[in-house]
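Input: a single structure, listed below in structure tokens.
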Amino acid sequence: MIDYMEKAYSLAKKAYKKGEVPIGAVVVKDGKIISTGYNKREKSQNAIDHAEIIAIHRACKRLHSWRLDDCDIYVTLKPCPMCAGAISNARIRCCYYGADNQNDDNDIIEKIMGETKLFNHKTNLVYDKKSYCSEILTLFFKQKR
């Protein structure tokens, strides 16, 4: 069986080696990886090139639909508000994340994905704590400071 969080982590390592914030994402449908992404903001100089956005974009292209109802996403870090909105708008069923985001004030991500009336769809948010996901982020930011 494929460990989807491990695959997302391998993408985070790829981002790390390229000087990007080490976050990786994998979209899964019917037990198969249909798309992947990792942060590319520095390379592209595009503020929205987050791992989740890239993986969602690729999944939509592959499925020829913006609706990813039967898909799950595995991300190494709890999504930011922009990515949480994209995940919810894409109607992704469940978002698994490996490291908690220290910047999530007032549980805003939970509100975006499941408690707001702005979206018709609710995405389950599951903290699949993996120490290696937080360790690579800590190392990255220690080296930057």
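The values are calculated or read from the model by the stated rules, or taken from the named source; none is laboratory data. The structure presented is a predicted model; accordingly, all values stated were derived computationally and were not measured. Quick reminder, even Gly has a Cβ in these numbers, built from the backbone with ideal geometry, and neighbours come from all protein chains shown. For accessibility, only protein heavy atoms count, side chains too; no ligands or nucleic acids. Shrake-Rupley method; radii C 1.70, N 1.55, O 1.52, S 1.80 Å.
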Averaged over every viewing direction, what's the projected area of the C-alpha convex hull for the chain? Give it in nm², one decimal, please. 8.5
Which value, in Å², gives the accessible area per residue of the chain when a 1.4 Å probe is used on the protein heavy atoms? 56
Between Lys43 and Lys144, what is the label-point separation in nm under the 7 Å Cα-to-beta-carbon projection? 1.7
Taking Cα pairs under 8 Å and at least six residues apart, what relative contact order does the chain come out at, in percent? 20
GNM on the chain, Cα springs under 10 Å; top mean-square fluctuation among Gly31, Gly19, Gly98 goes to Gly31
Can you give the extra length, in nm with one decimal, that the chain gains between Lys117 and Asp30 once fully stretched, where that is 0.36 nm per residue apart less the Cα-Cα distance? 28.5 nm
Backbone HN-Hα couplings from phi across region 65-70 [Karplus 6.51/-1.76/1.60, Hz, Gly and Pro as x]: 7, 7, 8, 10, 3, 8
Specify the inter-centroid distance of region 99-131 and region 32-87, based on alpha-carbon positions, in whole Å. 15
How do 64-72, 76-84, 35-43, 20-28 rank on mean C-beta neighbours within 10 Å, highest first? 20-28, 76-84, 35-43, 64-72
D (Stokes-Einstein, µm²/s), Kirkwood Cα radius, region 9-76, 1.306 mPa s at 10 °C: 134
